[in-house]
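Bear in mind these aren't lab numbers, they're just calculated from the coordinates by the rules spelled out. The model shown is predicted, which means the values in this text are computed figures rather than measured ones. Note: ideal-geometry Cβ built from the backbone for every residue, glycine included; neighbour counts use all protein chains shown.
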Amino acid sequence: MTSRMRFTGWRRMLLNCAVPTLLVFAAASGLAQSCLTSSDMDAATRSALNSAGMRYFNFVAAGDAASLRQNAIPSLAADFSSVESTVKDNQAALAGSKATFRPAFLLEAEGTAALPHVEFLCGVFGSKGQTKDTAIFSLNNLPPGKYGAVILDAPSARGAYTVSLILQQVGADWKVGGLYIKAAQFAGHDSDWFIARAHEAQAKGQLHNAWLDYLVARTLVSPLPFMSTAVTDKLYDDSQKLQPADFPADGKTADLSSGGATYKLTALFPEVVGNDLDLIVRYQASDISNTNQTYQNNVSVMKALVTKFPEVKDAFAGIVARAVDPSGRDYGTMLAMKDIK
């Protein structure tokens, strides 16, 4: 998890449950979608994907966003600012890194128009779902074509990183369709450390902290936001057993009272902000144009949150409260935990 996880090129995607098959059929069109694991690909395709992936990784590690743009699909090259920022933000960490490949995946979507939603189920699934070599990619608004998911592990002096490239075949070339860079550790701690911390919190009866630590663990172990594996599925299942009923989830809000007012919380999750692990809370607001009043409301939400859930004081460095109006615009306030009184 980085201080800013950027989702570039492709849209944010939702993860879904596994089904033991290799083909997915779009219900509306009847068109087959297929996915091949690295071991299922022919040697030439596997070599082409890995070669392109390493070449583009070297551009990223060198901070060469211009060369990356020259090798991007047209839609991404036309709006490349987020990729440039991603490369710049991670250049210091990745400079000189010697990356190694994880097994790649080859996705093929048929048709003549973008698919509203499609799932690619890759590999041979077991009776209980995913196995160590499988993956699920759940995508929205995907244009037809051939895509490669190339994931590289990149050790650095700042800890372990993953660099994931979504490549699209254009003619005989594999072009950049998306770039995702994220740290696999926070403050030197990996996913296993946060799982252990979740178990400790659970033993203390701090079920809210335990659930939030599971979210951190799943984020650290997930190289792509629209990809699930056996590991992420297990973490999801383990965390769902602990999901607090008084936290917002699955599109349902949660009420938080403060000073005679009731706030409708829409999201509550951990996120790295700078060098700190903070708690992010989003809530509904009818209007945010009066920023002074919205600031006061944000502070009230933060105070009410630590009053209702005092255990979060020991788990997070601060809280970011974001008031979100009906149009989706938001106004945020951040306070260190020690300043929330």
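To the nearest Å, what is the center-to-center distance of the range 33-68 and the range 134-169, using C-alpha atoms only? About 9 Å separates the Cα centre of the range 33-68 from the one of the range 134-169. Over the range 256-323, the fraction of Cα-Cα pairs per 10 Å bin, rounded to whole percents and listed from the shortest bin up, is 21, 54, 24, 1. Rounded to the nearest whole Hz, the Karplus-based 3J(HN,Hα) values (6.51 cos²θ - 1.76 cosθ + 1.60, θ = phi - 60°) of the range 290-298 follow the sequence 8, 5, 5, 5, 5, 4, 4, 5, 4, with x at glycine and proline.
Within 11 Å, Cβ to Cβ, of residue 36, how many net charges do the neighbouring residues add up to if Lys/Arg are +1 and Asp/Glu are -1?
On the way: positive: 46, 146; negative: 40, 42, 108.
Residues close to residue 36 contribute a combined charge of -1.
Annotation note: trypsin sites (Lys or Arg not before Pro) in the range 135-206 located in DSSP loop regions with a Cβ neighbour count of at most 16 within 10 Å are 158, 204. Extent of the chain along its three principal axes (Cα atoms, max minus min coordinate, largest first): 65, 45, 39 Å.
Taking the number of Cβ atoms within 10 Å of each Cβ as an exposure proxy, the fewest-first ranking of 341, 303, 308 is 341, 308, 303. 3J(HN,Hα) along the range 336-341, derived from phi through the Karplus expression 6.51 cos²θ - 1.76 cosθ + 1.60 where θ = phi - 60°, amounts to 5, 4, 5, 9, 9, 10 Hz, with x in place of Gly and Pro.
Against the main long axis of the alpha-carbon atoms of the chain, helix 43-61 sits at an angle near 50°.
Counting other beta carbons within 10 Å of each residue's own, what order do 208, 199 fall into, fewest first? Intermediate values should be presented prior to the final figure.
Numbers: 208 22, 199 14.
Ascending Cβ contact count within 10 Å gives the list 199, 208.
Backbone phi angles across the range 267-284, fed through the Karplus curve with coefficients 6.51, -1.76 and 1.60 (θ = phi - 60°), yield HN-Hα couplings of 7, 8, 7, x, 7, 6, 10, x, 9, 10, 9, 10, 9, 9, 10, 10, 9, 6 Hz in residue order; Gly and Pro are listed as x. Net charge around residue 147, counting only other residues with Cβ within less than 12 Å of its Cβ (Lys, Arg = +1; Asp, Glu = -1)? Charge balance in the 12 Å sphere: +1. The lysines within cross-link reach of residue 132, meaning a Cα-to-Cα straight distance under 17 Å and a gap of 8 or more places when in the same chain, are 234.
How do 131, 219 line up, fewest other C-beta atoms within 10 Å first? Mind showing how you got there, number by number?
Working: 131 14, 219 23.
The order, fewest Cβ neighbours first, is 131, 219.
Cross-link partners for residue 204 among the aspartates and glutamates, with Cα-Cα distance under 18 Å and sequence neighbours closer than 8 places in the same chain left out: 213, 238, 311, 314.
Using 0.36 nm per residue and subtracting the Cα-Cα separation, the extra length available between residue 101 and residue 173 on full extension is 24.0 nm. For residue 291, neighbours were defined as the other residues whose beta-carbon sits under 14 Å from its Cβ, and their charges (Lys and Arg +1, Asp and Glu -1) total -1.
For the chain, a Gaussian network of Cα nodes joined below 10 Å ranks 164, 39, 138 by mean-square fluctuation, and the top entry is 39.
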